[in-house]
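The values are calculated or read from the model by the stated rules, or taken from the named source; none is laboratory data. On a predicted model such as this, the values are computed, not experimentally measured, just so you know. All Cβ positions, even for glycine, are placed from backbone atoms using ideal geometry, and neighbour counts span all protein chains on display. Just the protein is used for accessible areas: all its heavy atoms, side chains included, with ligands, DNA and RNA removed. Shrake-Rupley method; radii C 1.70, N 1.55, O 1.52, S 1.80 Å.
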Amino acid sequence: MKKAFITGIGGQDGSYLAEHLITLGYEVHGIVRRNSVSEQQQTRIDHLTNKVKVYYGDLLDQSGLERLLREIQPDEIYNLAAQSHVRVSYDIPQFTVQTNAVGVLNILEAYRSACPSAKFYQASSSEMFGSAVDEDGFQRETTPMRPVSPYGCSKVFGFNIVRNYRHAYKLHASNGLLINREPPRRGSNFVTNKVVKTAVQIKLGLADKLELGNLDAYRDWGHSKDYVRAMHLILQQDEPNDWVVATGETRSVRDMCKYVFGKLELNYEDYVIQNQKFLRPEELPYLKGDSTKIRTELGWSPEYTFEMMMDEMIESWMYYFSGSIK
Ligand code: G4F
């Protein structure tokens, strides 16, 4: 039985990845950060309580990470833990950089010392591309990195230190450059789930407006379940590498609002207003990933369309607020 160790197992991608690996027969271990409200520690993995081994841990606590890796001796390590909110990275830039940059170095050091023959996956991000887009309108493995947020800058360090450790210490350490992933388990302070949740509340008479920031940013939105399959595939290769994982389609926040409100037979223009507080000091305007490399070399492709994913989120919030799908 293969053993996997997941940092951020209580997050959106971590919980889907744990489910996927359990289905494949893995013994799954993971860390969650201690939170003062004990009920909030692992709500996304409550249903896996008897199937995963969960420990308190933190990317900033290298000795704790090293002790766990030494005890568990995992075959595969998935580093998904991060301060993952781009706008919030402007509020807490130093914590973001400590966790997302120095934290990667900490777990690499623990890995190198405790279980160097394991394979390592780093959750790198398309936010690293920032303002850079290739002439054909895509971002791919060769696109320059010009990050436009403390979050993006911190992730560039994580990406580079993984490549550095791969070459310097001959570690099987890979980067997945993942574009936005948006299932119902997404935090509702990210734009897709915020729009769907509030639109459903408006439909049910529980809210009367939706306050957003920039409606004209474009994102390539895929489903986390498709993306965790890619993470696992990346670690099944003989050689470590870097891979862009994306749907290859892009839509604006406005297009997404139009679709969601339209599905609920509402006109988004009657309810959506802009609030400055949700604007970012510098914004990544446009994302569309070219995942040709992982599609052709590893045979990965997404199963969810944008519409399937948004419909799933609408159903999920409808069920949550009204107990039935209307
Ligand atoms: O949903 P978002 O907050 O996601 P963002 O910033 O693209 O970051 C996500 O994807 C990255 C991959 O590229 C990950 F690395 C990262 O961890 C995270 O998962 O914002 C999407 C877009 C932005 O352009 C934002 O300005 O929506 C715009 N937006 C407009 N109004 C809003 C809002 N975003 C949020 N969160 N809240 C708003 O009210």
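Would you kindly state how much longer the chain becomes between N160 and E282 on full extension, computed as 0.36 nm times their sequence separation minus their alpha carbon distance, in nm to one decimal?
Values: separation 122, 0.36 × 122 = 43.92 nm, distance 2.27 nm.
In short, 41.6 nm is gained.
Measure out, as a whole number of angstrom, how far apart the alpha-carbon centroids of segment 123-160 and segment 261-326 sit.
So the separation of the two Cα centres works out to 21 Å.
Counting only protein heavy atoms and using a 1.4 Å probe, what share of the accessible area of segment 275-326 belongs to carbon plus sulfur, as a whole percent?
50
What per residue convex hull volume, in Å³, comes out for segment 1-60 when only alpha-carbon positions are used?
With only Cα atoms used, segment 1-60 gives 74 Å³ per residue.
Beyond 21 Å, what percent of the Cα pairs of segment 126-264 remain?
Counting pairs separated by more than 21 Å, the tail of P(r) holds 52 percent.
Give me P(r) over segment 84-167, computed from all C-alpha to C-alpha distances, binned every 10 Å, as integer percentages.
The distribution over segment 84-167 is 18, 44, 29, 9, 0, given as percents.
Taking the solvent-accessible surface of protein heavy atoms with a 1.4 Å probe, what is the per residue accessible area of segment 136-271 in Å²?
Details: 5260 Å² over 136 residues.
It amounts to 39 Å² per residue over segment 136-271.
If you look at just the Cα atoms of segment 263-326, how large are its Rg and its Dmax in Å?
Cα radius of gyration and Dmax of segment 263-326 are 17.7, 46 Å respectively.
Any idea what the relative contact order of segment 33-123 is, in percent, if you count C-alpha pairs under 8 Å spaced at least 6 apart? Before the final figure, lay out each step's value.
Working: 82 pairs, mean separation 34.3, N = 91.
So the answer I get is 38 percent.
How about segment 127-194: which trypsin sites (Lys or Arg not before Pro) there lie in a loop by DSSP and see at most 13 other Cβ atoms within 10 Å?
Qualifying residues, ordered by number: K170.
Classify segment 30-94 as rounded, prolate or oblate from the Cα gyration tensor: take a ≥ b ≥ c as the square roots of its eigenvalues, call it rounded if a/c is under 1.5, otherwise prolate when a/b beats b/c and oblate if not.
Cα axes put segment 30-94 in the oblate bin.
Based on the Kirkwood radius over alpha-carbon pairs, what value in µm²/s does the Stokes-Einstein equation return for the translational diffusion coefficient of the chain at 10 °C and 1.306 mPa s?
Answer, rounded: 78 µm²/s.
Taking Rh as the Kirkwood radius computed over C-alpha pairs, what is the Stokes-Einstein D of segment 214-326 at 10 °C in a medium of viscosity 1.306 mPa s, expressed in µm² per second?
97
What FRET efficiency comes out for D134 versus R67 if R0 is 45 angstrom and r is the Cβ-Cβ distance? Round to the nearest 0.05.
Plugging the Cβ-Cβ distance into 1/(1 + (r/R0)^6) gives 0.55.
How high is the FRET efficiency between S36 and N267 when r is their beta carbon distance and R₀ equals 30 Å, given to the nearest 0.05?
Efficiency computed from Cβ-Cβ geometry: 0.10.
Tally up the carbon and sulfur contribution to the accessible surface of segment 1-133 as a whole percent, 1.4 Å probe, everything protein left in place. Let's see the in-between values first.
Details: 2680 of 5600 Å².
Answer for segment 1-133: carbon and sulfur cover 48 percent of the accessible area.
Express the accessible area of segment 1-92 per residue in Å², computed with a 1.4 Å probe while the remaining protein chains stay in the model.
Per residue, segment 1-92 has 48 Å² of solvent-accessible surface.
When the accessible area of segment 177-237 is computed with all protein chains present and a 1.4 Å probe, what percentage of it is carbon and sulfur?
Numbers: 800 of 1890 Å².
The nonpolar share, carbon plus sulfur, comes to 42 percent.
Under 8 Å for C-alpha pairs, at least 6 residues apart: give me the relative contact order for segment 137-247, rounded to a whole percent.
35
Remind me, relative contact order of the chain in percent, using alpha carbon pairs under 8 angstrom and six or more residues apart?
On the way: 621 pairs, mean separation 54.8, N = 326.
Relative contact order, the chain: 17 percent.
Which FRET efficiency, nearest 0.05, do D91 and Q274 yield, Cβ-Cβ r, R0 22 Å?
Given R0 = 22 Å and the Cβ-Cβ separation, E is 0.65.
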